[in-house]
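Following: one structure in structure tokens, then a few remarks.
Values quoted throughout were computed directly from the atomic coordinates according to the rules given, and no laboratory measurement underlies them. Because the structure is predicted, anything quoted here is derived from the model rather than measured. Counting neighbours? That spans all protein chains shown, and the Cβs are built from the backbone with ideal geometry, glycine included.
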Amino acid sequence: MNNKITVVTGGNTGIGKATVAGLAQRGATVVIACRDVARGNAARDEIAASTGSSALHVMPLDLASLASVRAFAAAFLARFPRLDVLVANAGVMTERRQVTADGLEMNFGVNHDAKEKKPGKAALDDALAERLWTETERLVACAASTAPAAKPAAVERMD
Ligand SMILES: NC(=O)c1ccc[n+]([C@@H]2O[C@H](COP(=O)([O-])OP(=O)(O)OC[C@H]3O[C@@H](n4cnc5c(N)ncnc54)[C@H](OP(=O)(O)O)[C@@H]3O)[C@@H](O)[C@H]2O)c1
């Protein structure tokens, strides 16, 4: 992964953070795209200390806001010449009804489904399209593929 430029959404914690560490260990430049920059900075410092990487960057991204998605993409495109790998990891699962800044139901507004592209992550793909959809770039989508087999959501409890 030497000299590869990568973005990991939700790279501040969980699977995303482990992915950032793995990419950093392999020599990649990694942008940790997350909604809480302070937590992103903490993850960056921890991963930099454990891997010795000096190519970790934190940039704000809230997938529950299309304005934030567009601002992230504009800042990324201005700062980096390529996007070799986008790891679309950030996701949310909530039964309590919440809405995004754009008034969309939160699960619908944030999450990505490879079959039916949903707003937040799909908007990110679109906003980065000029760098993403070339011959060599890779999109890695983290999704709960087992979710459809799980107990159906208690729709009647969603207020
Ligand atoms: N863990 C599993 O067993 C499992 C199984 C199947 C699929 N997955 C999928 O794998 C991905 C990571 O799972 P995980 O267990 O590591 O989850 P996690 O620990 O809950 O981390 C989720 C990440 O998504 C970020 N996020 C949530 N809403 C966001 C938003 N509006 N904008 C930007 N970032 C947002 C969170 O940021 P904050 O830290 O700010 O909340 C966090 O960084 C998820 O997409 C999940 O659906 C996980």
Those residues of segment 63-91 which are assigned to a loop (DSSP other than H, G, I, E, B), closer than 23 Å to GLY22 by Cβ and within 11 Å of the ligand (Cβ to nearest atom), in sequence order: LEU63, ASN89, ALA90, GLY91
Please work out which residue is farthest from the chain's Cα centre (by Cα), limiting yourself to segment 1-31 and to residues that are part of a loop (DSSP other than H, G, I, E, B), among the small types (Gly, Ala, Ser) and away from the ligand (no atom under 12 Å from the Cβ). GLY27
Only listed residue being under 16 Å from VAL110 (Cβ atoms) and polar (S, T, N, Q), chosen from ASN89, ASN2, ASN41: ASN89
Candidate set from segment 36-62 (those that are without any contact (Cβ under 8 Å) to a residue 40 or more places away in the chain and assigned to a loop (DSSP other than H, G, I, E, B)); member that is nearest to ALA127 (Cα to Cα): ASP62
